Structure formats: structure tokens, C-alpha cells
Amino acid sequence: EAGVAQSPRYKIIEKRQSVAFWCNPISGHATLYWYQQILGQGPKLLIQFQNNGVVDDSQLPKDRFSAERLKGVDSTLKIQPAKLEDSAVYLCASSPSSDRSYEQYFGPGTRLTVT
Amino acid sequence: GEDVEQSLFLSVREGDSSVINCTYTDSSSTYLYWYKQEPGAGLQLLTYIFSNMDMKQDQRLTVLLNKKDKHLSLRIADTQTGDSAIYFCAEKFDSSASKIIFGSGTRLSIRP
């Protein structure tokens, strides 16, 4: 069974530029999560989807971050415009459903550096 | 409030047992998790425990939960060099949003 795929693995941009990350969850997983992991910290949930609907986006900085999962499968996370403090690893995870979070599987992450 | 705390570093000798500790603040947690993160990789779920359990054992891993003190520990028996990683404690609340809160991680290093 293929795992959670993310691309790109690394991205370097200048502040005020835009960037997008892509995630393909495990086949059949209804729940998809985007986390931000700043160096030296644990992951922080940005947004959680159940199929193509948003369950929790309370920690998503909506003035600059957006995410979508239009067909309930792949998802993209966008930052526009980026700030220096957005430098982090962005992790995507999926689980069969929101009440089976103990079966949450993580992708390798995208390391973003904003200069 | 929602907070999970761990010590930042732990160094053990190869073959010894490692014990990684974690404290959490919210007594309504439903699940408590231990994740492992190796350099450049995503998080791997090692084990989890329901809040109505005291202990869970899985091969070299033993999880102990003290609900009264809100203390969770992970014991790794016969620690090997492949166990070098950052270990994250996490808790999940009993809410419809099922948000998982992670600690800052404990970096485990193995001495020969």
C-alpha cells in the first residue's frame, strides 16, 4: 500500500512570494490533515478535511494560508504572500476517518525556507 | 488549556532501557500517542493508549499512563542505534474536531 505522498520535498522562496504544496493521501482515507512543524517544535494542526469538507481550520492563518481538497482526494496548501516565520516543514497526514486518528499516517513533509 | 510537555534530550547507552516522559494538562484526553521522527522523515506512530488504560506493551515498547498525575511514559527496552530519533508525545481530546496536540519532542541519542 502506497503511503502519503507530498511534493515538492524542498522549496526556497523569498518573502512576499507565493508557494503551493501538494498532498496525495493513502487511497480510501477520508480524513486529511495539514500540519506545520517549526524547527524544534512538534507539529501544529493547520487544517483538517473530512472528504472535501473542512472539519477544523481554527489555527490556519486565513489572511495568507488557504487549502482545498476539491474532489475529496488530493489536497493543496497555499501561502500567499509568504513571511519569514512561515519557514517550517509542512506535513500532510491521512486517516481512514476522523474517529480513527490512531491510524493517522504522515507523509515525508515539504521543507519550506523563506528568505 | 492544551499543553503537552517533554524534556528535550535523553542520552542512553546501547543495550540499556530508555524512558521518555511526558506530562499533559487536559484530563479529557481520549487517546495518548507516541510518535517517532527520524531525520528528514515524517512522523511514524509507534503506539497509542486509551485513557482508560494504565499500561500497554508492544514488543520492546511499554507505555505507562498515570491519569492522576497526567503523566505518560515510553520505555524502550534494549535500546539500539536505530532507536535514535525524536520522540513526540501527543494527546487527542474527546471532541468532534478530534484535534491532536503534540509535545515539542525528546531527542534520543544512543551512546556506544
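If the cut-off is a Cα-Cα distance under 17 Å, which lysines reach A:Lys11, setting aside same-chain residues fewer than 8 apart in sequence?
A:Lys78, A:Lys83
Probe of 1.4 angstrom, ligands and nucleic acids ignored: what's the accessible area per residue over the protein assembly as shown, in square angstrom?
48
Straight-line reach from B:Lys67: which aspartates and glutamates fall under 18 Å, measuring Cα to Cα and dropping same-chain residues less than 8 apart?
Candidates past the 8-residue exclusion: B:Glu2, B:Asp3, B:Glu5, B:Asp26, B:Asp54, B:Glu91, B:Asp94.
Just reorder A:Thr76, A:Thr113, B:Thr47 by solvent-accessible area, largest first, 1.4 Å probe, all chains present.
Listed by decreasing accessible area, they come as A:Thr113, A:Thr76, B:Thr47.
Which of the aspartates and glutamates could be linked to A:Lys62 by a straight reach, that is with a Cα gap under 14 Å, when you skip same-chain ones fewer than 8 residues away?
Within reach: A:Asp86.
Please give the total accessible area that chains B and A bury against each other, computed with a 1.4 Å probe and expressed in Å² to the nearest 100.
So the buried area, both faces added, is about 1600 Å².
Taking chain B on its own, what percent of its Cα-Cα pair distances exceed 17 Å?
Across chain B, Cα pairs with separations above 17 Å total 51 percent.
Give me the one-decimal nm value for the distance between modelled label points at B:Asp78 and B:Asp16, 7 Å along each residue's Cα-to-Cβ direction.
1.9
If you roll a 1.4 Å probe over chain A with all protein chains in place, what percent of the accessible area is carbon or sulfur?
On the way: 2710 of 5510 Å².
After summing per-atom areas, the C and S share lands at 49 percent.
Translational D (Stokes-Einstein, µm²/s) of the protein assembly as shown at 20 °C and 1.002 mPa s when Rh comes from the Kirkwood sum over C-alpha pairs?
The calculation lands on 118 µm²/s.
Averaging the inverse of every distinct alpha carbon separation and then flipping it gives the Kirkwood radius. What is it for chain A, in angstrom units?
Value: 14.0 Å, from the Cα pair sum.
The values are calculated or read from the model by the stated rules, or taken from the named source; none is laboratory data. For clarity, every value in this text was computed on a predicted model and none was experimentally measured. Ideal geometry is used to build each Cβ from the backbone, glycine not excepted, and the neighbour counts take in all protein chains shown. Please note that ligands, DNA and RNA were not included when accessible areas were found on the heavy atoms of the full protein model with its side chains. Shrake-Rupley method; radii C 1.70, N 1.55, O 1.52, S 1.80 Å.
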